[in-house]
Structure formats: structure tokens, C-alpha cells
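Chemist: Before anything else, here's the structure in question.
Every number here is computed from the coordinates shown, using simple stated rules; none is lab data. Given the structure is predicted, the values throughout are model-derived calculations rather than measurements. Cβ placement follows ideal geometry from the backbone for every residue including glycine, while neighbour counts extend to all protein chains displayed.
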Amino acid sequence: MAKIDYSFHTHTFRCGHAVGTDEEYVKAAIKADFHYFGFSDHVMLPGIQHRIGIRGDYDLYYADYIASTRALREKYKDHFDIQIGFECEWLGDGYGEYYRTILENGDVDYLILGQHCFMIGRRLMLYGSLFDYKVARKAYIEDLIAGMESGLFLYVAHPDYIFRYTNEVSDEDIKAARLIFETAVKLDIPLEINMGPSRWDHSRKDAQGDWLLAYPQKWFWDLAKEYDVDVCIGPDVHDPNEILSSDYDWAVEFASSRGLRLLSGKDLYERIKKRR
């Protein structure tokens, strides 16, 4: 079984729903014998309104997040080459240009596409705030595909996120999932098996001992084996202890049991360096 020796989906306390210092995450990654590591906190956007606890304010960006992670990259350079990034939503071409700028000017090394929200005016809203699931799914798929087509993102985090809002998989859900896979193959953009379950209460299992998951959605990834798509693991850690306690074997088995092609930390790192 492949060993997971990386995390490029790592949050910090700034987002409001994670804990621990930046250095504690790095030390945990070293203790876990990671060879590749990147910070990708929720992107801090200028001039927007958002719910408390969704992401950090923009004034934490340069003076805090970038400064701190750059200092740690230098301090721990003998262990691994820390990469600095953000997890972002696609919010239209205007913010697409903002993302392109921070990549091109070297503020960050990479971006991952993690759709949780859409924009109304200058306010971020969760897809789950839409009362009609079909409307939410349509908005999510349109935004996700546009983000993938932008060419700005290393990979797509939890591509099956929207399906957490339905209990019955419809033909339209399957059609939407197939569009995600087809686009990923066409654009050569990996899809992430998200390890969010590692943060959940272990009582959330069914009678057979399987996770009761919001995502990854089993039916979604069962479909993935029909496509020549690259897959990666996203630890999605929000606490340094999760780097050490997350069930990486579970995630690898989830991929390998479906015959999915799992990228290594080195593969992702090389993709980052190639983009620069």
C-alpha cells in the first residue's frame, strides 16, 4: 500500500475554524515523516463580507500568513521545501485575475480549487444556504467547471462537495459528476479524495463499520474508475494533531479499491514547480 507522505491541503488558525500555530503543523509533518508539505488556508479576499469562521480577514494576508509561512520555509528547509498556497473558490473572472496576479508575482506557489461558496454582491454565501438543491447543484457545477477551465489550480479539492446536500442520487447528479470527470481528464487536473472524515466522531459509522460520510461520496468515486483521471489525497487538516492521527491507509484503500490512479507527493510537488 502506498504511503502518504504529503499534505498540500493544510489550514491555519486564521480561517477561524482551525487551531494551532503554523510551526506546530510543520513539526507534526516532520514527525509524520512527510517529504512534501504545503499550507493552503482559505483564501483571504479584499473587500468582501463573509460569515465569521469561514476565512481570515484580508489584513492577515501579507503581514501575517505569507510572512509566517515564508519564515518557516527558511527555518525548516533541511526537512522539506514548504510550499505556500490558498484554497480558493472560483468567484468569476474578476477574482480570477486576482488569483492569477498572486501566482504570477510569487506571493504563493499554488492554488487549489475548493468550492464552498458563491458570491452575491460582495458577500460570500455557502451553496448550502440555497434552499433548492437543484439550484445549488447547478450553481456549484457551473462555478467548479469555470474554475477548472481557468488553468489556475493545482487540483480540485472535494469535487463531490455539493452532493452532501442530497440523500438520493439522481440521474442529474450522475450527469453532473460525469461532467466533472470529463473536464478533469480533458484539462489534466487531479481530483482530491478529501480526508475530512478523520475529524469526525468515530460513532458516525453504520452497522458495517463504514463511515457515514458527507464526502467523499462513494457513488461518485465508483464512477471515477470509468475515467482516466488522476487522484490525490487531501488531508484537509485543521489541527496539527490530525497530521499524525488521520487514517491515511483508509484514504489509500478508498482509492486503490476502486482502481484509481493515485498521485504521490512528489508528483504534486513537481506539478507546482512546473507551473512556476
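Chemist: Remind me, relative contact order of the chain in percent, using alpha carbon pairs under 8 angstrom and six or more residues apart? List each step's numbers first, then the result.
Modeler: Details: 461 pairs, mean separation 62.2, N = 276.
Across the chain, relative contact order equals 23 percent.
Chemist: Normalised by the number of residues in the stretch 12-153, what is the relative contact order in percent for Cα pairs under 8 Å and 6+ residues apart? Don't skip to the answer; put the middle values down first.
Modeler: Numbers: 182 pairs, mean separation 31.6, N = 142.
Once divided by the residue count of the stretch 12-153, the mean separation gives 22 percent.
Chemist: Could you work out the pair-distance distribution P(r) of the chain from its alpha-carbon pairs, with 10 angstrom bin width and percents rounded to whole numbers?
Modeler: Result returned by the calculation: 6, 30, 39, 22, 3, 0.
Chemist: Of the cross-linked pairs K218/K266; K3/K75; K3/K186; K175/K218; K75/K273, which ones have a Cα-Cα span greater than 22 Å in the structure shown?
Modeler: Checking Cα-Cα distances, K218/K266; K3/K75; K3/K186 exceed 22 Å.
Chemist: Have a look at H79, H42, H158 and tell me which one the Gaussian network model of the chain (Cα, springs below 10 Å) gives the largest fluctuation.
Modeler: Maximum among the listed residues: H79.
Chemist: Around G56, with a cut-off of 9 angstrom between Cβ atoms, what is the net charge of the other residues, counting Lys and Arg +1 and Asp and Glu -1?
Modeler: Computed value for this residue: -2.
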